[in-house]
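The values are calculated or read from the model by the stated rules, or taken from the named source; none is laboratory data. Quick caveat, the model's predicted, so the values are computed rather than measured. Because the Cβ atoms are built from the backbone with ideal geometry, glycine has one as well, and the counts that use them run over all protein chains shown. Each accessible area value is taken on the protein alone, full model and side chains, heavy atoms only, with ligands, DNA and RNA left out. Shrake-Rupley method; radii C 1.70, N 1.55, O 1.52, S 1.80 Å.
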Amino acid sequence: LWVNTDVVPENVDSIIHTDGWATGSVAFLYGTSPTTPRLAINGAGEQNSDTEFTASDIGTWTHLAVTYDSVTGTCSYYRNGQPDGIVALTPGTQADFSSLSAIGAWNNGSYQRFFDGKYDEFRLYSRELTPAEVLAVYISEAPLTVPTITSAVPPDGTLGVAYTHTFTALANPL
């Protein structure tokens with residue numbers, strides 16, 4: 001999931017959230033004290049990732065991923081393809097996405113906890129991804145870095161006039 005925040009939240013904002021809060025209900029959210037992404041599964045608990053969102057993250061696309069193993073209770077966070085914390089939730093509670101109806105808000109009778117920003121490339125898998133798979137997803141979706149080349153000879157052949165050409169990449173080769 002790519003997120004681009006408009007503000008550092010003053011309250012808890014939902015990234016994704018299932019309706020209500022029954023056993024197994026899922027919330028992936030972030031907010032105040034601390035402003036780190038965190039996974040909450042009713043019946044298993046909630047824990048924060050390591051890296052907080054700060055003012056320098058505003059307006060910047062960030063790739064977030066979280067995996068959860070219900071047998072061991074292991075919850076692994078990733079930020080831009082790299083590990084961002086491994087925490088323990090209570091094992092044995094299966095995450096239940098059957099009532100997933102809100103991306104960017106929580107519906108508990110009325111919509112609230114709105115995410116203030118933009119999303120892209122939201123994915124939900126039926127199994128836990130490996131760290132290598134999370135990195136591969138990040139690489140496959142990461143914005144391309146396109147070089148700018150400055151040449152002393154422009155296309156018309158006039159010498160001594162600086163010429164800059166920006167290349168546009170059409171696809172990620174990875």
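Is it true that Phe53 is open to solvent by less than 50 Å² (accessible area, probe 1.4 Å), outside any loop (DSSP other than H, G, I, E, B) and at pLDDT below 90? Against the criterion (open to solvent by less than 50 Å² (accessible area, probe 1.4 Å), outside any loop (DSSP other than H, G, I, E, B) and at pLDDT below 90), Phe53 does not qualify.
Can you confirm whether Val87 is β-branched (Val, Ile, Thr), at negative phi, in contact with a strand residue (DSSP E or B) (Cβ under 7 Å, 6 or more places away or on another chain) and in contact (Cβ under 8 Å) with a residue 24 or more places away in the chain? It is true that Val87 is β-branched (Val, Ile, Thr), at negative phi, in contact with a strand residue (DSSP E or B) (Cβ under 7 Å, 6 or more places away or on another chain) and in contact (Cβ under 8 Å) with a residue 24 or more places away in the chain. Scanning segment 86-99 for residues that are out of contact with any Leu (no Cβ under 8 Å at 6 or more places or on another chain), over 9 Å from Gly24 (Cβ atoms) and in a loop (DSSP other than H, G, I, E, B), we see that the one that is least open to solvent (accessible area, probe 1.4 Å) is Ser99.
Exactly one residue out of Gly59, Gly31 is open to solvent by less than 50 Å² (accessible area, probe 1.4 Å) and within 18 Å of the chain's Cα centre (by Cα), and it is Gly31. Count of segment 100-127 residues, restricted to those that are exposed (fewer than 15 other Cβ atoms within 10 Å of the Cβ) and within 18 Å of Gly45 (Cα to Cα), is 0.
Applying the condition of being more than 23 Å from Glu141 (Cβ to Cβ) and not in a loop (DSSP other than H, G, I, E, B) to segment 1-48 and asking which residue is modelled with the lowest pLDDT yields Thr18. Scanning segment 9-34 for residues that are closer than 17 Å to Ile86 by Cα and hydroxyl-bearing (Ser, Thr, Tyr) yields a single hit, Tyr30. Go through segment 100-121 and report how many residues are of a type outside the set (A, V, I, L, M) and not in a loop (DSSP other than H, G, I, E, B). Qualifying residue count, segment 100-121: 9. Has segment 62-85 got at least one residue that is among the aliphatic types (A, V, I, L, M), touching a Pro at 6+ places or on another chain (Cβ under 6 Å) and crowded, with 18+ Cβ neighbours inside 10 Å? The answer is yes, given that some residue of segment 62-85 is among the aliphatic types (A, V, I, L, M), touching a Pro at 6+ places or on another chain (Cβ under 6 Å) and crowded, with 18+ Cβ neighbours inside 10 Å. Within segment 46-67, none of the residues are more than 23 Å from Val12 (Cβ to Cβ) and in contact (Cβ under 8 Å) with a residue 12 or more places away in the chain.
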